[in-house]
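Below is one structure, written out as structure tokens, with a few remarks after it.
The values are calculated or read from the model by the stated rules, or taken from the named source; none is laboratory data. As the structure is a computational prediction, the values presented were derived from the model and not from experiment. Note that each Cβ is placed from the backbone with ideal geometry, even for glycine, and that neighbours are counted across all protein chains shown. For accessibility, only protein heavy atoms count, side chains too; no ligands or nucleic acids. Shrake-Rupley method; radii C 1.70, N 1.55, O 1.52, S 1.80 Å.
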Amino acid sequence: MAHGERYADEFGWDTTFEALVARIVADYGAAHDPVREAAWVAELDGVRAGCVFCVAGDETTAKLRILLVTPAARGRGVGAALVRTCVEFARNSGYRGMTLWTNDVLSSARRIYEAAGFELVDSEPHHSFGHDLVGQHWSLLL
């Protein structure tokens, strides 16, 4: 819900985005492998400040999913810490690489991914969440 509200407020995205995030969380909750998949919720002063998921893409590749940092926590290193934790977990779980999909309008997230060593693989225009967007696939060798 926080994803849906935040992206609706900041980018005008419709409820199909919240539905996508809900499916990702539901799939994780229904059948995740606790040895190779994990999720983290960051807190600042006892208040939720962000989250990120690490899920299996295949046997050798992990996916970083649904990074979110609340406005109050931005600029305080929460996003970088979440991504670092996710990448370290993937590396320690034996994955050889990690991928993620994002949209070019999410510039703060993209800066965090770049700083963590991710490289842009490709980008493609698409119409989703009520808007014309440019989706991006990023990759990191572990």
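Quick test for you: out of VAL35, VAL55, pick the one residue that is among the β-branched types (Val, Ile, Thr) and open to solvent by less than 80 Å² (accessible area, probe 1.4 Å).
Criteria check complete, one pass: VAL55.
For the subset of region 112-134 comprising residues that are within 24 Å of GLU10 (Cα to Cα) and under 13 Å from the mean Cα position of the chain (by Cα), which member is least open to solvent (accessible area, probe 1.4 Å)?
Step by step, filter region 112-134, then rank; the result is TYR113.
Select the strands (runs of 3 or more DSSP E) contained entirely in region 1-115, then report the ones holding at least 1 residues which are within 17 Å of PHE129 (Cβ to Cβ) and modelled with pLDDT of 95 or more.
Those strands (runs of 3 or more DSSP E) span 61-69, 97-103.
Which of the following residues is touching a Lys or Arg at 6+ places or on another chain (Cβ under 8 Å), more than 19 Å from GLU18 (Cβ to Cβ) and of a type outside the set (Phe, Trp, Tyr): THR102, THR85, THR60, THR70?
It is THR60.
Give me the residue from region 38-50 that is free of Cβ contacts under 8 Å to residues at least 40 places away in the same chain and closer than 21 Å to GLU18 by Cα and, out of that set, most open to solvent (accessible area, probe 1.4 Å).
Ranking the candidates gives VAL41 first.
Could you identify the single residue in THR102, THR70, THR85 that is in contact with a Gly (Cβ under 9 Å, 6 or more places away or on another chain) and open to solvent by 30 Å² or more (accessible area, probe 1.4 Å)?
THR70
List every residue pair whose Cβ atoms lie under 8 Å apart, where the two residues are 6 or more positions apart in sequence or sit on different chains, the first residue falls within region 101-129 and is touching a residue at least 12 places away in the same chain (Cβ under 8 Å) and over 19 Å from PHE89 (Cα atoms), and the second residue, located anywhere, is open to solvent by 50 Å² or more (accessible area, probe 1.4 Å) and assigned to a strand (DSSP E or B).
Listed by first residue and then by second, the contacts come to ASP104/SER123; LEU120/HIS137; VAL121/HIS137; ASP122/HIS137; SER123/HIS137.
Among the residues that make up region 4-25, is at least one of them surrounded by 12 or more Cβ atoms within 10 Å (Cβ to Cβ), over 21 Å from TRP138 (Cα atoms) and in contact with an Asp or Glu (Cβ under 6 Å, 6 or more places away or on another chain)?
yes
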